[in-house]
Amino acid sequence: MKTSIRIAALVGLALVVVFSARPYAAGWNDGSRLAAAESLVDRGTFSIDDSIFVRPGLPSAFPRGGPFAEGNGAWEKGIGDKVLVLWHYYSDKPPTHAVALALVYGLVKGLTGLSMAERPDVHCRILAVVFAGVPFLVAVLALDRLFRRVAPRRATLLLVSFVASTGALVYTQYVNAHILALGLVAVLVSRLTTLENGPASAPLVLGLLAGATYAVDLGLGPVLVLATGVLVVVRGGTDARSRARALALFLAGVVPFAGLHHALNYSIGGTLRPISMVREYFLWPGSTFTEANLTGLAAGRGFWKTVRYTGKLLVGPRGYLVLNPPLLLVIPGLLTLWKRRRDRPEIGWALGVFVGTWLLYGWKSTDYSGGALAIRWFVPLLAPAFLLLAFALEEREDAVPDFVLLSIWGAALMLLALEGGPFRHGLVPLQWAVTAAALYAWAVLRFPWVRARFISAAGSSGRS
């Protein structure tokens, strides 16, 4: 793709991101994060007792748009994603993300003189652009760089598929940690190949990116740190001394962000565990959370129920692969990928991050990421998954038609998903009709006997 065309496409995509940002919170998840940022700036505390997202009042009090959309149930009781610690409410989300949100909110408030309570519509939109839209654009730029390096013949096709055929763009409408983590992981993936022949600081940069991801996404973060640490050792040098030095640099990058998270988390909840994993903190009047539905606590299921649940996270009605169809091509491409000897460490890294995060949630979670599109926990996994796709498409010419078909399928689903946004309780409109049509088209493409019957039926219809 020519540079001028690439720049024009990026500008157009940036405009889409800006105008798709919503001037209110979708509900509990982003409202909890925004409440913490508001409280830090306006009241100098992590406590969200007096936040407009906890006590929103009446819609009539916000003539220019309140903290939630009209008709949102959160208007009545405020957000439910909160913990009660020593008689004060706090957000149950990672506090490091709240600090970052507060820095931008405080800057905008200082420049405009408008508080969140006065104009939530202004601040919700700006924070969505900065913390959801910008990370998405960063991910696009990072993956564009990656694709042009590892799969130059398919770079444009891969990038268009990522933008149009996955749920990433939909998640730019509201503040959320998942799209922020995607931006960080995409940059990390784009720099993996610098370990062998790149600058001596490469392990440190990877550590900073992995540590920042850990601080905002406590499900993916530990798996990412472990997998990247192993890759740093494997690619960090030819002798034990150079590998030990690379690992030390990597850990030096991880510690500041990971340490900040645990320090803030401890200051709020008096525990090194995420405060969202302390059952006692959810024993407040009206709480809907129990050990049976809190993510991160032992689910208490039998073995086969856990296996079934874990499978449905990928291929159930709201499964990750079902609503990100291009990723389906990774499964048949794994054997082909393993033939790429020179890339085996990176392939192993991508599989480790993807499978490790999936199995961790399958073991420790109980729902399907709440009301969200395509298992929101797995949004950052698009980066390692597309690394595998890039390798597969560069290796196999005959897989390109399949990838194009799956991308068209995904684009149709995401077009239907845009209006409802990322936080939804139902299925995407016409999801099963689009899926059935796409699977049939894929069968026609891949199986001669299905194609023969299709041609025969089309010919009969034409003669009639």
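Read the figures in this text as sums done on the coordinates, not as results from a lab. Computed from a prediction, not measured in an experiment: that's the story for all the values here. Here Cβ is always computed from backbone atoms with ideal geometry, including for glycine, and neighbour counts include all displayed protein chains.
Worth a mention:
- Within the chain, the longest run free of chymotrypsin sites (Phe, Trp or Tyr not before Pro) that sit in a DSSP loop with at most 16 other Cβ atoms within 10 Å is 88-337.
- Placing +1 on each Lys and Arg Cβ and -1 on each Asp and Glu Cβ, with no other charges, gives the chain a dipole about its Cα centre of roughly 1320 debye.
- Positive-end extreme of charge dipole, region 320-410 - chosen from I375, T357, F403 (charges on Cβ): T357
- A crude spin-label estimate for the pair L415 and L272, with each label 7 Å from Cα along the Cβ direction, gives 5.2 nm.
- Near the amide H of Y89, within less than 5 Å, lie the amide hydrogens of I48, D49, all on another chain or at least 5 residues away, with H placed in the peptide plane.
- Residue-wise HN-Hα coupling along region 345-356, computed from phi with Karplus coefficients 6.51, -1.76, 1.60 (Hz; x: Gly, Pro): x, 5, 5, x, 4, 4, 5, x, 5, 5, 5, x
- Note on the chain: dipole from Cβ charges, positive end direction compared against L418, A227, A139; the farthest Cα belongs to A227.
- Per residue, the convex hull spanned by the Cα atoms of region 112-208 amounts to 118 cubic angstrom.
- Neighbour-count order for K2, K109, K312, fewest beta carbons within 10 angstrom listed first: K2, K312, K109
- The chain: relative contact order as a whole-number percent, Cα under 8 Å and 6+ apart: 16 percent
- Going from the residue with the fewest nearby Cβ atoms within 10 Å to the one with the most, D30, D367 rank D367, D30.
- When shorter helices are ignored and each DSSP H run of at least 4 residues is given -39500 (n - 2.57), the per-residue value for the chain at 222 nm works out to -19500 deg cm²/dmol.
- Neighbour-count ranking [beta-carbon atoms within 10 angstrom, fewest first] of L351, L107: L107, L351
- Placed amide H near F68: partners under 5 Å, 5+ positions off or other chain: A25
- When region 3-429 is reduced to its Cα atoms, the Kirkwood hydrodynamic radius in Å: 22.2 Å
- Rough spin-label spacing in nm, given labels placed 7 Å along Cα→Cβ, for T290 and L439: 3.4 nm
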